[in-house]
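Beneath this line is the structure, given in structure tokens, with notes to follow.
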């Protein structure tokens, strides 16, 4: 296994923090080595210093993209933190149905990973609106920094094991058999989710404000200053009365935010 010096680790982790907001502490050295060793071998780099300098020189962005793919953790599953989806269905959607006069419902699933979250939201919305759905624009923006996971989400193909938590009537209405081991979402649901690559550290380019933002289980990798700046950008990108959902392990310090606390891991502008 390749060795990484303290200086090399500092340079790499500073680069990762500056570009992706992810702060890797000293105890993550073995993780960095494990995830990047194959990359260095494939590129014939003898040291992490050589790899780091190649990152800085690369004008194509390909090496930075590859680093993001390797270093980010993409772990999610259907119906994760189910209480959020119940609250979204029982409280948020009735409010939005009454308050959005344009029938243009704007929802952002940020750091969506392989797409389980936005597809779940799309099914909930479709079932909630029923026959009225035809009059609404409810397309969900689903973003992530990793092209690999976005491509999986776009395909909409998931193993029968991973779809286990999905209610049977949803599978019947919104999914179909893909092969002996997988199911795929039907086009009417796939068309409701727009997958886009986006780095949360970048300036937000959105012209219209969102009614709901799901940003769950990503800020655990950020330091407090990065979290503060990101939450400020999200607050400014929400309509008044809009909701923010975060992971249950990502409590927001109430004295340092403009958001109002609603329930565990749910906040409102």
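The values are calculated or read from the model by the stated rules, or taken from the named source; none is laboratory data. Bear in mind the structure is a predicted one, so any value in this text is a computation, not a measurement. Every residue, glycine among them, receives a Cβ derived from its backbone with ideal geometry; neighbour counts consider all protein chains shown.
Quick notes on this structure:
- Residue within the range 81-96 that is touching a strand residue (DSSP E or B) at 6+ places or on another chain (Cβ under 7 Å), under 17 Å from residue 190 (Cα atoms) and either touching a residue at least 40 places away in the same chain (Cβ under 8 Å) or assigned by TED's automatic domain parsing to the domain that holds residue 233 (or both) present: no
- Qualifying positions in the range 34-47 - assigned to a helix (DSSP H, G or I) and crowded, with 17+ Cβ neighbours inside 10 Å: 36, 40
- Residue that is surrounded by the most Cβ atoms within 10 Å (Cβ to Cβ) [pool: residues in the range 152-163 that are at pLDDT below 95 and more than 14 Å from residue 76 (Cβ to Cβ)]: 160
- Scanning the range 218-236 for residues that are surrounded by 14 or more Cβ atoms within 10 Å (Cβ to Cβ) and either within 13 Å of residue 22 (Cβ to Cβ) or touching a strand residue (DSSP E or B) at 6+ places or on another chain (Cβ under 6 Å) (or both) yields 218, 219, 221, 222, 226, 227, 230, 234.
- The single condition among (1) more than 23 Å from residue 87 (Cα to Cα); (2) in contact (Cβ under 8 Å) with a residue 40 or more places away in the chain that residue 212 does not satisfy is (1).
- Residue match in the range 2-21 (condition: within 30 Å of residue 115 (Cβ to Cβ), buried (at least 17 other Cβ atoms within 10 Å of the Cβ), more than 20 Å from the chain's Cα centre (by Cα) and not assigned by TED's automatic domain parsing to the domain that holds residue 145): yes
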